[in-house]
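Presented below is the structure to which this report refers.
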Amino acid sequence: MKMVFRWYGTGNDTVTLKQIKQIPGVEGIVWALHDVPVGDEWPMDKILAYKEEADAYGLHLEVVESVNVHEDIKLGLPSRDVYIDNYKKTIEKLATVGVKTICYNFMPVFDWIRTDLFKELPDGSTALFYEKAKVESMDPEELVRRIANDVDFTMPGWEPERLKKLSPLFEAYKQVSEEGLWRNLQYFLEAIIPVAERNGIQMAIHPDDPPWPIFGLPRIITGQDNIRRLLRLVDSPSNGVTLCSGSLGANPANDIPAMAREFAGRIPFAHIRNVRVFDNGDFIETSHRTSDGTVNIAGFVQALHETGFTGYARPDHGRHIWDEKCRPGYGLYDRALGIMYLWGVWDSMGTSRKGVAE
């Protein structure tokens, strides 16, 4: 397991590379060019600027999250080929700086949904929270005002310029069924996977967050059956999945350790976080400790270890603790604590498998 840490860049993150470097076992950053509009080809000078900063601290850039997919591709519009061509060129550029894995998603309109970014937990910490009844009764425009307009940092997946066109987007998606979205995903993968293969890059789709339809929009990466279908769309080692325990774990029916075992070899990237799911469908993010949430985090890490996982892993969203002022879900302290919990589980499995634990 190669531990990495998501970083949003100088001036866009309260966490510094110096701090990341001091977390035991972290060897690289998970990054993206958040100021490049979705669908544009990434400029080489900006890519190299990121590399220069990471190199100064001995951190690699092998995981990108995300090269976001333009809505025209998801919608299957004639203009999609222009954006797919830009995507191919970006893959080729990223390979030149050592990128090995690109995490992306195929969620219509919203990359993730929460109703409260700082919901208080019983211990006084705060965390990202999803209130099911509120989402079911809320207008999408109201959700955008809550999430995208009152924060000090960029919010990937919630770009204000794109969401200004919310009504036309919803109207366009009325013509796209789940099967239509599957066809559009296949078209995208058949175009980019050969480019990824030639450049030694694994594409790793992120599951839908949460893993069920929202506001009438189709969602297709929600559990074990459709991950299985995804991997068959283009049967290539470069077509993989980012196995996210928090996104999938919002549905208690999803067995994350079982997925880790079934899809071993096709998981280049793991997002490891815990959520507590309530009987009414609400969920809140917790510490990474298994007993604090609903997801079997220890079992997930053990399954990765037992199957010889040598991919990348990062602690996903953490709580906001010790009065830290930070990007929602992406403070330093709780994610660093999470890493040490994950390493504790991993190290407890021993070093009997060559190359698994170092």
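Number of residues in segment 192-243 that are acidic (Asp, Glu) and more than 21 Å from Asp316 (Cβ to Cβ): the value is 3. Of all residue pairs spaced 6 or more apart or on separate chains, those with beta-carbon atoms under 9 Å, a first member in segment 274-285 that is basic (Lys, Arg) and a second member that is in a strand (DSSP E or B) are Arg276/Phe283; Arg276/Ile284; Arg276/Glu285. Do we have Pro78 as surrounded by fewer than 18 Cβ atoms within 10 Å (Cβ to Cβ), modelled with pLDDT of 95 or more and not small (Gly, Ala, Ser) here? Considered against the rule, which asks whether it is surrounded by fewer than 18 Cβ atoms within 10 Å (Cβ to Cβ), modelled with pLDDT of 95 or more and not small (Gly, Ala, Ser), Pro78 comes out as yes. Where helices (runs of 4 or more DSSP H) fall wholly inside segment 206-262, the ranges with 3 or more residues that are of a type in the set (A, V, I, L, M) are 224-233, 256-262. For Ala253, the conditions (1) closer than 19 Å to Glu131 by Cα; (2) in contact (Cβ under 8 Å) with a residue 40 or more places away in the chain all hold with the exception of (2). When Leu128, Leu94, Leu143, Leu166 are screened for being among the aliphatic types (A, V, I, L, M), at pLDDT below 90, at negative phi and crowded, with 20+ Cβ neighbours inside 10 Å, only Leu143 passes.
Note down all Cβ pairs under 9 Å where the first residue falls in segment 50-69 and is farther than 17 Å from Glu92 by Cα and free of Cβ contacts under 8 Å to residues at least 24 places away in the same chain, the second is among the aliphatic types (A, V, I, L, M) and crowded, with 18+ Cβ neighbours inside 10 Å, and they're at least six residues apart or on different chains. Listed by first residue and then by second, the contacts come to Asp55/Leu61.
Pairing each residue of segment 323-352 that is closer than 14 Å to Ser125 by Cβ with any residue that is among the charged types (D, E, K, R), provided the two are 6+ apart or on different chains, yields C-beta distances under 6 Å for Gly331/Glu324; Tyr333/Glu324; Asp334/Arg319.
Going through (1) farther than 18 Å from Asn105 by Cβ; (2) modelled with pLDDT of 70 or more one by one, Trp182 falls short only on (1). Of Gly246, Gly200, all but one fail to be at pLDDT 95 or above and on the phi > 0 side of the Ramachandran plot; the exception is Gly200. With respect to (1) touching a residue at least 12 places away in the same chain (Cβ under 8 Å); (2) farther than 21 Å from Ser66 by Cα; (3) not basic (Lys, Arg), the lone exception for Ile267 is condition (2). Scanning segment 314-338 for residues that are buried (at least 23 other Cβ atoms within 10 Å of the Cβ) and outside any loop (DSSP other than H, G, I, E, B) gives Arg314, Pro315, His320, Asp334, Arg335, Gly338.
Under the condition of being surrounded by fewer than 24 Cβ atoms within 10 Å (Cβ to Cβ), closer than 22 Å to Leu332 by Cβ and among the charged types (D, E, K, R), the residues counted in segment 254-291 number 1.
The values are calculated or read from the model by the stated rules, or taken from the named source; none is laboratory data. Being a predicted model, the structure only gives us computed values, none of them experimental. A quick note on method: Cβ atoms are made from the backbone with ideal geometry, for glycine too, and the neighbour counts reach across all protein chains shown.
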